[in-house]
Structure formats: C-alpha cells, structure tokens
Ligand code: FAD
C-alpha cells in the first residue's frame, strides 16, 4: 500500500524536493515549525514593511538551477537586483568589482517559496520532534504529542543539528548529518526617518562585527518602505554575543554600521534584531543529499552542498532523485 511522503521543512530545499516528487506523481505532505514557508529565506512582516532578515539575494552557477531561475522570473516570483555594491575593509569604503547577477524574491524574499509551495498540502506551526516507525510505516510526532502518518518515506529538510535529532531512527545517517556544524548570525533592521545620504545599496564588510549591510527598501518591489537597512553580524561576533539581549545587539550593530557607512547616521526610528541560531553550515560538502534508502529516511539542505540558496535547491533535487531511483529499483 502506498502512503504519502512526509517532508519536514519548507525552506527552499524542502520545497525543491517536494516539487520534484509532486511532479513525478507522488503524494507529499509538508510540515514546518514556522508560521509560513521560506526558513532562512523568509521575510518578516513588520510595521515598516516586509524585511529580508535571512538570505539577501541569491546567485546562480549551476545550469539546472539557471533553468529554474528563468521560470521563476517569468512567473514574476523573483527579479534581478542591481545594487550599487561596495566593499568595506579597514574603515575604507570602495565600489565593489563583483559583477555577479543577483536575484531576489519580489515583493519580498518569501514570494519565491510561497510560489513553489503552490497548493501542496502543508501544516505550519507544527514542530516535529520525532520520526518513529509505526507498524510498517513512518510516523511523525509534534511538540504537542500529536502523531501524523503513516508515511512511506520521510525527507528531513531542516538545518543539520535539527535533522540529526529527527533522524535518530537511522543512527549512521544521523551521525553523518551531525558532523556538519552550523554557525549563528545576528541580523538587525534599522529604519531612519530620512534616507541616509550614501550611494551604497549593499556592502560586504570586513574588520567589523558586521559582514553585510543593505538598503532593504532599495530592492525591487519594496520602494514604499521608509529607509530601512538590514545589517548582518559575522558568525565570530555572533558566537561571542549569542545571548546578548536584543536591545544591546541593536545598539552595538548600529554603532558598527555608523562607523562603517561613511555618512551621518541619525538615531533609528525603528529597530529589530533576529538571531539565526543555525545560520550557515561550516565548510562545503559535496554530498548532494544523504539517505538511508532501505529505511526510507532522507535528508537534504544547504549543509549538504554550498551553504547558499542555490546549494539548498540543488540538494532538494538530489534527494528527490535518490528517492525516485530507490522506488524504481
Ligand atoms: P532552511 O531555510 O533553514 O529551511 C529549513 C526549514 O525547516 C525552516 O523553515 C524551519 O522552520 C523548518 N524546521 C526546522 N526544524 C523543524 C522541525 N523540527 N519541525 C518542523 N519544521 C522544522 N544564501 C544565499 O544564497 N545568499 C545570501 O545572501 C544569503 N544570506 C544569508 C544570510 C543569513 C543571515 C543567513 C542565516 C543565511 C543566508 N544565506 C544566503 C543562506 C540561505 O539562506 C540558506 O542556504 C538557505 O535558505 C537554506 O535553505 P534550506 O531549505 O536548506 O534550510
């Protein structure tokens, strides 16, 4: 008897896998602990508009990903972002030589994952705490003790530390997953009454607590917001100040930004901090995806490949291929 495939995580990796399996005629059921899709590509709705606090844009190197990107652009889910980019090092700002093409979801980052989700069945605000074997098939349990299933296979598409716990029923697989550590990142949004007098739209930053700053409202589709900037701290600083209260994180990163940006920076009229506990994987792994196909347990995510949106999407495709190959064998 066939049952649906459970997919835990509606970030770009989980949605990539779900889309490929759905297109192959299989029934999928998605779960996410968040209130919406996107994971680290999600946008936060605030009084100053939707803010991209995680992935700022994505680039495209792989041919298969390039084909998907063109389709998403044709559907109006993404647009090219052509920022005035700068590099900041040792207190000096210089125009960046980086000429990569950059894509963003429009009018907010999560427009892409919302489009990819389409009408596939999903349960949000549902934190899965256990994947366990029922009589013959897989079952899931959530944080409230509610059980879901049966499922023929389970794809875990969460950051590696969360995936390792969920895959405890497959100890070898879980131990490979657990070998990938993930670094945290603080992100802060600041709004100013008047636009800052700077040509910078986005800046790669060294020698500072910050590694990136960008003008959120300068991105396509976000023009009506006040002058809001998103600042991202590097993982070294974040590790050091992991448990700092949010007001102090805002204050310290505001100070670092004011020092770096090279123009007068007034007191912000709005500030918000968000901590990504599992922000980026450490190192690049060429795994594509991981599986214990005989058990029917699978894992994908950016941590299997490049630690970027592109890597996460490719990992979702790789996990779907593995699962389909096993079903065909
Ligand atoms: P995620 O997006 O993390 O998705 C995992 C999903 O699983 C989440 O929705 C989560 O809610 C859900 N989940 C987790 N545990 C459970 C559970 N127990 N039960 C149910 N659901 C669960 N990449 C780029 O290409 N360009 C950038 O500019 C860029 N900037 C970044 C900036 C920051 C601050 C961060 C943190 C990341 C950035 N990245 C960037 C990386 C990019 O965001 C990720 O590579 C990509 O979004 C990862 O997608 P994913 O699907 O693998 O994981």
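No lab work stands behind these numbers, since they all come straight from the coordinates. In this text, all values refer to a predicted model and were calculated from it rather than measured experimentally. Every residue, glycine among them, receives a Cβ derived from its backbone with ideal geometry; neighbour counts consider all protein chains shown.
Some notes on this structure:
- One residue stands out among those in segment 274-303 that are away from the ligand (no atom under 12 Å from the Cβ) and in a strand (DSSP E or B): the one that is surrounded by the fewest Cβ atoms within 10 Å (Cβ to Cβ), which is 292.
- Number of positions in segment 219-236 that are more than 19 Å from the chain's Cα centre (by Cα), surrounded by fewer than 20 Cβ atoms within 10 Å (Cβ to Cβ) and not in a loop (DSSP other than H, G, I, E, B): 2
- Positions within segment 162-174 being more than 9 Å from the ligand (Cβ to nearest atom), surrounded by fewer than 23 Cβ atoms within 10 Å (Cβ to Cβ) and within 23 Å of the chain's Cα centre (by Cα), in sequence order: 164, 173, 174
- Candidates 251, 259 - the one that is assigned to a helix (DSSP H, G or I), surrounded by fewer than 21 Cβ atoms within 10 Å (Cβ to Cβ) and in contact (Cβ under 8 Å) with a residue 40 or more places away in the chain: 259
- For segment 8-22, the criterion of being in a strand (DSSP E or B), within 20 Å of residue 131 (Cβ to Cβ) and under 19 Å from the mean Cα position of the chain (by Cα) is satisfied by at least one residue.
- Filter result (within 14 Å of the ligand (Cβ to nearest atom), surrounded by 20 or more Cβ atoms within 10 Å (Cβ to Cβ) and not in a strand (DSSP E or B)) within segment 175-218: 177, 180, 209, 216
- Considering 265, 269, 309, the condition of being closer than 30 Å to residue 191 by Cα, touching a helix residue (DSSP H, G or I) at 6+ places or on another chain (Cβ under 9 Å) and surrounded by fewer than 20 Cβ atoms within 10 Å (Cβ to Cβ) is satisfied by 265 alone.
- Scope segment 23-50; condition in a helix (DSSP H, G or I) and within 12 Å of the ligand (Cβ to nearest atom); matching residues: 39, 40, 41
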